[in-house]
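I have placed the structure first, in the form of structure tokens, so that the comments after it can refer back to it.
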Amino acid sequence: MSAPFDKVLVVDFETRWDRSDYTLSKLTTEQYIRDPRFKAFGLCFKWLDDEVESVAEWVAHDDIQAWVDSVDWSTTAVLAHNAQFDVAILSWVYGAKPAFIFDSLSMARALRGVEVGNSLAKLAETYGLPPKGDAVYSTNGMVGLPYEVEQELAEYCRHDVYLCEQIFKNLMHEVEGGFPVKELKLIDMTLKMFCNPVLELDKEMLSEAIEEEKEKREALLAKIGIEETALASNDKFANVLLELGVTPPKKVSKTTGKEAYAFAKNDALFQALLNSDNEDVALLCEARLKVKSTLERTRAQRFVDIAQRGTLPVPLNYYGAHTGRWSASKGSGLNLQNLKRGSFLRKAIQAPQGFSLVVCDLSQIEPRVLAHLADYEALLSIFASGKDAYSAFGAQMFGIPDLSKETHPTLRQSAKSALLGCGYGMGWASFAAQLLTGFLGAPPTMYDKAFAKQLGVTGWYVGAFAEWNRNLERMYEIPHICTDAELLVHCVSAKKIIDIYRSKAQPVVAFWDMCNELIGASLAKGKSHTYKCLTFEKERIVLPNGLSLRYPALMGKADDKGRVQWFYGEDEKKLYGGKLVENIVQAVARCVMTDGMLRIQKRYPCVLTVHDEVVALVPDAEVEEAEAWVHAQMVKEPSYLKGIPLDAESSFAKRYGDAK
């Protein structure tokens, strides 16, 4: 690649720790490094060289700053294993900002998967390298090091640097043509979001919001006249419900197989109580949620704590999911991927003075990619028209030309649910159950007779559904407090929507079938097959970015009817056509997203990414022009998806929450 550096340093820090209260198992990386107790005992470094094998040098604590100051970081890249830790130390403690960051841990996740061990020790074993060392002396609780302890620690550190370098070389050559340059740039971008943080947190707003939430919670408790402890305990809450004449809802726990109270926010039975016509019951359940839902309070306090220490390091794992999506860094205590839209937490994230945030979110990227891969021309035409995709798709699904959000709101919502959720083979039972708790973030929905009639459900259709015992068994497995007759109408309506979707989306169904066949022919038996931008091979699918979706240890097992069912991985995850399509679409959509991010990064730093959304930092003076330019980069047609109609929503503001 056209490198923004001319040399690479392999680096590893050894730092102070205390088993009692100062370790990375008890603190986040941000807390640990910014803690007043932080001390680097030393570091080892060596220059990356493909030809000359040299031994890493040890730099003791007192000499680190002088060594850092001697390096021209504007032309120097850094390589480390878990570079988020080592480069954050370089940046936050010693003021060094490398021109580029390589991370063997991130590379290993992309090539080996996120579910296998990618520690230095495990990778050393995988590549036949000498095992990671074991220190004889423990530095637990030490502030200063005796000579013999420091010498041993230095040798231990040298060996880690050696292993990191050798693992990096193996990873670089594991992919034909080398590890993809684009992906190396994404690793660098991701790590700089954390190591060179620029986003600020409004401490005053956060503190006020915490206090306001506390007052609302206390006011609600006062209104219903119940102590907080009575709502925090499942048994006590159940007793309060009984006193109101309500039978506490129960369910069978998926983990234990035992009966348990259905008091979780996503339990359909609890949702029914929360939306009950009985105001006392509804208020009680609302209070229960406020008492039990500590997540937002905890996050707000964590934001306040970070704000007191400095700017917001964005803790993301490059290739944190099987399909290549980012995930929250393990142990970060902060998941910026699921901040609620409109929440004060989003609004508390702001650009530094003189800058604004341009936020751009790809619209319906997965349905668009699916339509392109499946050659679903009717849906592609809807997207290309620029009209409301959900209304247009609903008009097509239900045969109502003038369908819109205003004229047929429930049908439009059903079309939206189908477009976003039914493209991967979801069955009616799962769809019906999710509707009751709120499908894909929508309000809880229960279909009634009037809606069933609007869908075209006939008496014959209901009878055919009820004649099959397995349908009734699955129906009764859905948690509910309505009558059986009402549940039947709801489930029949859900099945009708699934049936309509599949009848209209025949190209998608054919794509499921094709992928199901390729599981056996290519992923299992190894027959190479290229389809559009994908190449199916033994236990993997090569993607447009040069990386692969992997299905290790794939095996087929006959079910009780003699049909082959496919499983992969140590935990034997099930694989079938619809699931494979879901993986493919999400992985290709990720390629589209990251291509746009890399184009943006050339002009403006990307400081955050959430799902299909990128946040860029731009000077105030050029923000309007920048928004249009960022939008254009995100919707640019990829060479591997010729003709796909992309779209995005973009805006800008000083605060992240105001731009979304």
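Read through the list (1) over 28 Å from the mean Cα position of the chain (by Cα); (2) surrounded by 13 or more Cβ atoms within 10 Å (Cβ to Cβ), then give the number of the only condition that residue 225 fails.
With (1) over 28 Å from the mean Cα position of the chain (by Cα); (2) surrounded by 13 or more Cβ atoms within 10 Å (Cβ to Cβ) applied to residue 225, the lone miss is (2).
Could you list, ordered by first residue, the pairs with Cβ atoms under 8 Å in which the first is in the stretch 408-427 and open to solvent by 10 Å² or more (accessible area, probe 1.4 Å) and the second is of a type in the set (Lys, Arg) and at pLDDT 85 or above, at least 6 apart or interchain?
412/405; 424/579; 425/579
Look through 623, 585, 618 and report the one residue that is buried (at least 23 other Cβ atoms within 10 Å of the Cβ), of a type in the set (A, V, I, L, M, F, W, C) and farther than 26 Å from residue 547 by Cβ.
Unique residue meeting the criteria: 618.
Would you mind stating whether residue 370 is surrounded by 23 or more Cβ atoms within 10 Å (Cβ to Cβ) and more than 26 Å from residue 310 (Cα to Cα)?
When the stated conditions are applied, residue 370 passes them.
Counting just the residues of the stretch 194-227 that are among the aliphatic types (A, V, I, L, M) and not in a helix (DSSP H, G or I), which one comes out farthest from residue 350 (Cα to Cα)?
Out of the qualifying residues, it is 226.
Taking the stretch 634-660 only, how many residues are closer than 30 Å to residue 546 by Cβ and either free of Cβ contacts under 8 Å to residues at least 40 places away in the same chain or outside any helix (DSSP H, G or I) (or both)?
Qualifying residue count, the stretch 634-660: 16.
Here is a list of conditions, (1) open to solvent by less than 70 Å² (accessible area, probe 1.4 Å); (2) out of contact with any Ser or Thr (no Cβ under 6 Å at 6 or more places or on another chain); (3) among the aromatic types (Phe, Trp, Tyr), and residue 536 meets all of them except one; can you say which number that is?
Checking residue 536 against (1) open to solvent by less than 70 Å² (accessible area, probe 1.4 Å); (2) out of contact with any Ser or Thr (no Cβ under 6 Å at 6 or more places or on another chain); (3) among the aromatic types (Phe, Trp, Tyr), the one that fails is (2).
Could you give me the residue pairs with C-beta distances under 6 Å whose first residue belongs to the stretch 573-594 and is under 18 Å from residue 519 (Cα atoms) and without any contact (Cβ under 8 Å) to a residue 12 or more places away in the chain, whose second residue is open to solvent by 10 Å² or more (accessible area, probe 1.4 Å) and not in a helix (DSSP H, G or I) wherever it lies, and which are 6+ apart or on separate chains?
Hits for this filter: 574/567.
Only one of (1) charged (D, E, K, R); (2) closer than 20 Å to residue 403 by Cα; (3) surrounded by 15 or more Cβ atoms within 10 Å (Cβ to Cβ) fails for residue 474. Which number is that?
That leaves (2) as the condition not met.
Hey, among the residues in the stretch 514-552 that are of a type in the set (Val, Ile, Thr) and part of a strand (DSSP E or B), which one's farthest from residue 185 (Cα to Cα)?
It comes out as 530.
Are there any pairs, at least 6 apart or on different chains, whose C-beta atoms fall under 6 Å, with the first in the stretch 70-82 and modelled with pLDDT of 95 or more and the second open to solvent by 30 Å² or more (accessible area, probe 1.4 Å) and in a strand (DSSP E or B), and if so, which?
Listed pairs, sorted by first residue: 76/7.
Has the stretch 123-143 got at least one residue that is among the small types (Gly, Ala, Ser), in contact (Cβ under 8 Å) with a residue 60 or more places away in the chain and surrounded by fewer than 19 Cβ atoms within 10 Å (Cβ to Cβ)?
Yes, because at least one residue in the stretch 123-143 is among the small types (Gly, Ala, Ser), in contact (Cβ under 8 Å) with a residue 60 or more places away in the chain and surrounded by fewer than 19 Cβ atoms within 10 Å (Cβ to Cβ).
Of (1) farther than 30 Å from residue 103 by Cβ; (2) open to solvent by less than 20 Å² (accessible area, probe 1.4 Å), residue 339 satisfies all except one. Which?
Of (1) farther than 30 Å from residue 103 by Cβ; (2) open to solvent by less than 20 Å² (accessible area, probe 1.4 Å), only one is false for residue 339: (1).
Assuming residue 14 fulfils every condition listed in (1) at pLDDT 95 or above; (2) outside any helix (DSSP H, G or I); (3) out of contact with any Cys (no Cβ under 9 Å at 6 or more places or on another chain) apart from one, which condition is it?
Failing condition for residue 14: (3).
Within the stretch 252-286, restricting attention to residues that are modelled with pLDDT under 80 and basic (Lys, Arg), which residue is nearest to the chain's Cα centre (by Cα)?
Selected residue: 265.
From (1) small (Gly, Ala, Ser); (2) within 31 Å of the chain's Cα centre (by Cα); (3) surrounded by 15 or more Cβ atoms within 10 Å (Cβ to Cβ), pick out the condition that doesn't hold for residue 119.
Unmet condition: (3).
What residue, among those in the stretch 280-311 that are of a type in the set (A, V, I, L, M, F, W, C) and in contact with an Asp or Glu (Cβ under 7 Å, 6 or more places away or on another chain), is farthest from residue 588 (Cα to Cα)?
Within the stretch 280-311, the match that is farthest from residue 588 (Cα to Cα) is 291.
Return a yes/no flag: does the stretch 553-576 have any residue that is modelled with pLDDT of 95 or more, buried (at least 20 other Cβ atoms within 10 Å of the Cβ), assigned to a strand (DSSP E or B) and not polar (S, T, N, Q).
Scanning the stretch 553-576 turns up at least one residue that is modelled with pLDDT of 95 or more, buried (at least 20 other Cβ atoms within 10 Å of the Cβ), assigned to a strand (DSSP E or B) and not polar (S, T, N, Q).
All but one of (1) within 19 Å of residue 325 (Cβ to Cβ); (2) surrounded by 19 or more Cβ atoms within 10 Å (Cβ to Cβ) hold for residue 542, so report the exception by its number.
Only one criterion in (1) within 19 Å of residue 325 (Cβ to Cβ); (2) surrounded by 19 or more Cβ atoms within 10 Å (Cβ to Cβ) is unmet by residue 542, namely (2).
Go through the stretch 374-488 and tell me which helices (runs of 4 or more DSSP H), entirely inside it, have 1 or more residues that are within 30 Å of residue 253 (Cα to Cα) and either hydrophobic (A, V, I, L, M, F, W, C) or over 29 Å from the mean Cα position of the chain (by Cα) (or both).
So the answer is 409-421, 428-437, 459-467, 469-476.
For every residue, the table says whether it meets (1) small (Gly, Ala, Ser); (2) open to solvent by 40 Å² or more (accessible area, probe 1.4 Å).
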position	(1), (2)
216	no, yes
229	no, yes
237	no, no
240	no, no
247	no, yes
256	no, yes
267	no, no
272	yes, no
277	no, yes
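Between 392, 384, which is without any contact (Cβ under 8 Å) to a residue 24 or more places away in the chain and open to solvent by 10 Å² or more (accessible area, probe 1.4 Å)?
After applying the criteria, what remains is 392.
Taking residue 49 as meeting all but one of (1) farther than 20 Å from residue 195 by Cβ; (2) acidic (Asp, Glu); (3) under 31 Å from the mean Cα position of the chain (by Cα), write down the number of the exception.
Failed condition: (3).
Residue-wise test of (1) more than 20 Å from residue 217 (Cα to Cα); (2) touching a residue at least 60 places away in the same chain (Cβ under 8 Å).
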| position | (1), (2) |
| --- | --- |
| 235 | yes, no |
| 246 | yes, no |
| 252 | yes, no |
| 273 | no, yes |
| 281 | no, no |
| 285 | no, no |
| 319 | yes, yes |
| 328 | yes, no |
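Output the residues belonging to the stretch 231-251 that are of a type in the set (Gly, Ala, Ser) and either part of a loop (DSSP other than H, G, I, E, B) or over 35 Å from the mean Cα position of the chain (by Cα) (or both).
Result: 233, 245.
Can you find, within the stretch 610-633, the residue that is nearest to residue 361 (Cα to Cα) among those that are touching a strand residue (DSSP E or B) at 6+ places or on another chain (Cβ under 7 Å) and assigned to a strand (DSSP E or B)?
Among those that are touching a strand residue (DSSP E or B) at 6+ places or on another chain (Cβ under 7 Å) and assigned to a strand (DSSP E or B), it is 613.
List pairs: first in the stretch 433-452 and small (Gly, Ala, Ser), second open to solvent by 20 Å² or more (accessible area, probe 1.4 Å), Cβ under 7 Å, 6+ apart or cross-chain?
438/444; 442/413; 452/489
The values are calculated or read from the model by the stated rules, or taken from the named source; none is laboratory data. In this text, all values refer to a predicted model and were calculated from it rather than measured experimentally. Cβ sites come from the backbone with ideal geometry, for glycine too, and all protein chains shown count toward neighbours. The protein model used for the area step is the full one, side chains on, heavy atoms only, and it has no ligands, DNA or RNA in it. Shrake-Rupley method; radii C 1.70, N 1.55, O 1.52, S 1.80 Å.
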